[in-house]
Amino acid sequence: MFELPEAYTALQREAREFAASVRDIAERADEGDDIDPEMRKRLAASGIVSIMVPAAYGGRYERVDSLAVTVVREAFAAESGHLDSMLGMQGIGSYAISVGGSESVRAELLPQVGRLEAIAALALTEPGVGSDLKALTTSVAERDGELVVNGHKSFITNAGDADFYSVLAREGEGYSLVLVPASTPGVSVTKPHQIIAPHVLGDVVFDDVRVPADNRLGEPGQGFKLVLATLATFRVSVAGAAVGLAQSALQEAVRHAAGREQFGVSLARLGSIPGDLAMAWTEIEMARTLTYRAAAAAARDPLGNLHLSSMAKVGATEVAARVVDRAVQVMGRFGLVRGGKMERLYREARPMRVYEGSTEVILDSLAKQLVKGLTR
Ligand SMILES: Cc1cc2nc3c(=O)[nH]c(=O)nc-3n(C[C@H](O)[C@H](O)[C@H](O)COP(=O)(O)OP(=O)(O)OC[C@H]3O[C@@H](n4cnc5c(N)ncnc54)[C@H](O)[C@@H]3O)c2cc1C
């Protein structure tokens, strides 16, 4: 009951073996601003991306399985943030197509997504709008049987490399999701920002961009339903990535501490270090347990278990931040060396508490549910 079923441990082994096989290019890929072609080629050849689309379109599972995605992201994030992001975005950027796209759009795109032939992206954030998505200003309007999109999206993962964007835009009194191929006239990409842990990021401007009406995903004005469905399926996978990253940081710290002496004693037995290492281990195991439970629940009923996915996301990303900070401390100056694995993990842990629902925004929504539950 508290162990992963065999089907998932087999997938975990496969993901770990693959992640270890790209170790030689992980540092270069993690420092890049664009999708690393060699990493992409190897990931495509692995066939693992097929977990991100339903079986009817070449996927491994009947529908996208949150526990499978979580287990794979845990293995990938332990080795490379770039690898983890490349995999994660194929699901996050295409899920609205899987559940809300027309049959012809699904049949055209999803097999390509699962083979990593088409790169996916989800465009919600704008220069002036982050957590408060309902304030967004990008618009879509139907004219002469086409959808016309205007607006500016910001901090979009895969911008520049993506083959299509699922764009959230205002339509009348509601919000719709629209599929915009990157090659459509009027779409332009700039790269005004780079973050502490380099990421394939950019801003995307839509200037009178016209796409067929069939590119609306879901019903007009109901785009938030698809965004919520996406979050409910994938938020917990960020927790998986955080657990993998934290485990990797702990292993580095333990290896270092066991192999170094100060004051004639192994670092692993010196001062507060043994307690720090043991506490990190304990916190990782707690985070992993909640994460697997939430992911298994999300695989059964994503929306009904969003509270668990949210708790796992906050819990695991906060644990990763504490663990990686302690791990750097245990390694002293060696944890700070630019380009070293620990330094990379330290930088990669930080954004996890901001994207896919910041810690504070998730806690605020959980607190509201908690109080509502008490007063019901
Ligand atoms: C690496 C990375 C990749 C990203 N990729 C994408 C992408 O692919 N697509 C996309 O659309 N976006 C993407 N984003 C943007 C991301 O979704 C936003 O950063 C996130 O939604 C938070 O918005 P913000 O950064 O504008 O912060 P703000 O919303 O301005 O929040 C600032 C601070 O205020 C706090 N806060 C805000 N509201 C509340 C509240 N109600 N109660 C309490 N505290 C609150 C927040 O927790 C935060 O600490 C990405 C961001 C990063 C860092």
Compute a Gaussian network model of the chain, connecting alpha carbons closer than 10 Å, and tell me which residue from ARG42, ARG106, ARG344 fluctuates the most. ARG42
Neighbour counts of other C-beta atoms within 10 Å: give me MET331, MET311, MET52 arranged from fewest to most. MET311, MET331, MET52
Whole-Hz ³J(HN,Hα) for each residue in the stretch 195-212, computed from phi via Karplus 6.51 cos²θ - 1.76 cosθ + 1.60 with θ = phi - 60°, x for glycine and proline: what do you get? 10, 4, 10, x, 8, 6, 9, x, 9, 10, 10, 10, 10, 6, 7, 10, 10, x
Tilt relative to the chain, helix 81-92 - C-alpha long axis, 0 to 90 degrees, to 10: 30 degrees
Using a Gaussian network model of the chain whose springs link C-alpha atoms within less than 10 Å, name the residue from GLY340, GLY101, GLY264 with the highest mean-square fluctuation. GLY264
Compute the angle between helix 37-46 and the longest alpha-carbon principal axis of the chain, please, reported from 0 to 90 degrees and rounded to the nearest 10. 90 degrees
Taking the Cα centroid of the stretch 44-92 and of the stretch 238-286, what is the distance between the two, rounded to the nearest whole Å? 28 Å
Please report, largest first and rounded to whole Å, the three semi-axes of the ellipsoid equivalent to the chain, where each semi-axis is the square root of five times an eigenvalue of the C-alpha gyration tensor. 36, 22, 20
Using the alpha-carbon atoms, what tilt in degrees (0 to 90, nearest 10) does helix 6-21 show relative to the longest principal axis of the chain? 80 degrees
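Rule-based calculations on the coordinates, nothing more; no lab input. Since the model is a prediction, treat every value here as computed from it, not as a measurement. Note: ideal-geometry Cβ built from the backbone for every residue, glycine included; neighbour counts use all protein chains shown.
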